[in-house]
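For reference, the structure discussed in these notes is given below.
Computed from the coordinates by the stated procedures, all read-outs in this text should not be read as laboratory data. Since we're looking at a predicted model, the values are computed, not measured. Cβ atoms come from the backbone with ideal geometry, glycine included; neighbour counts cover every protein chain shown.
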């Protein structure tokens, strides 16, 4: 039973808050101690039972399917639409390579994409595929309009961009963008690295074709928790690139295997996998359901407080819109973002460096386990940095 100060009790589950102000969940989130203890116990059980023993192997596979169903309910889709990976980067590559785009294809992206998407797009561009970039800006309807205008400029094959900017937390209406793209015959892949745990997901209802995502940021799942949503009518468009045992093929040897699950996300999973990590991801959903109130709402409230207090500091410019999640990005007039970042670290405040041609600053990721003292310490540290100009 939680005591009166409910969130203070929850905070005890996150030892990373003891020594420093941890505001970097958007890079890699900590795992709550109860979930971590269950995960480590599962790893010990997995090892003690002999991971390769038939009863243990099948048992863990079944537990993964239970976790998959839990995640599917949480994300608003069917379990057959989910493929589990180690990270969102794997999922992005599955889509971009599996589409087998012709050399005359055109992809539209934005200027605030993570390296997980920029890297694969660069490889495609080196093959001759056109990759055009539009400003992400403050997201919202303006971004949807910019992307629609860009699609109208030339035949387009795919939109590939973040649903929520990893740099500022800006976001847009996924359904509105998907509808605009599909009216033009354009596929949509939204990078959901930042959204699970920051906002409710409704993957089927949003209508996009592909949605890579992960759990080891804002959801607080163990590292190695990533996945891919494939819309039922788009899944068969992705050809298998890497495959192997466990990927859903009927047995025929040596070259007569036939695919048995062409629209099932599990066909991309193969080989040895860390099943206890994915089981723990399902445990995270139960942990979050037992929190004092909606963790997404708490993050949004705390981020709003931080945004307001930082906007009042002389010399500080807030670069994020009103937060839908927990991200607040700022720059300090006349100072390189790296200097600001390093001085904050020295003051015990952990954020993330942001460096773009149009944005040089620091990102704060405010999670539900943070508190108002964290915000005050972050404000004091950045005020000191600004005063040192």
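Volume of the convex hull of the range 41-288 (Cα atoms only), normalised per residue: 126 Å³. The separation of the range 100-166 from the range 7-49, counted between C-alpha centres, amounts to 36 Å. Label separation (residue 373 vs residue 27): 2.4 nm, computed from points 7 Å beyond Cα along the C-beta direction.
For the pair residue 103 and residue 154, label points projected 7 Å from Cα toward Cβ lie 1.5 nm apart. Within the listed set 166, 16, 296, the residue fluctuating most in the Gaussian network model of the chain (springs between alpha-carbon atoms under 10 angstrom) is 16.
For the listed peptides 50-56, 212-218, a ranking on the average number of other beta carbons within 10 Å per residue, highest first, reads 212-218, 50-56.
Counting only DSSP beta bridges whose two residues both lie in the range 41-288, roughly 40 percent are antiparallel.
Using a Förster radius of 35 Å, what is the FRET efficiency between residue 322 and residue 289 based on their Cβ-Cβ separation? Nearest 0.05, please. Once rounded, the FRET efficiency stands at 0.85. For the residues 301, 80, 372, a GNM of the chain with alpha-carbon springs under 10 Å puts the largest fluctuation on 372. With R₀ set to 35 Å, the beta-carbon distance separating residue 346 from residue 55 gives a calculated FRET efficiency near 0.10.
Listed by Cβ neighbour count within 10 Å, with the fewest neighbours leading, 182, 163, 114 appear as 182, 114, 163.
Take the Cα of residue 384, step 7 Å along the line toward its Cβ, and report every residue of the range 339-360 whose backbone nitrogen sits under 18 Å from that point. It comes to 339-352, nothing else. Over all orientations, the range 1-113 has a Cα convex hull whose mean projected area works out to 12.6 square nanometres. Site pair residue 242 and residue 297 shows an inter-label distance of 4.1 nm when each label is modelled 7 Å from Cα along Cα→Cβ. Scoring 118-131, 197-210 by mean Cβ neighbours within 10 Å over their residues and listing the highest first yields 197-210, 118-131. Each helix, a run of at least 4 DSSP H residues, gives -39500 (n - 2.57); summed and divided by the residues of the chain, these come to -12500 deg cm²/dmol at 222 nm. Computed over the chain with a Gaussian network model linking Cα atoms closer than 10 Å, the most mobile of 149, 180, 116 is 149.
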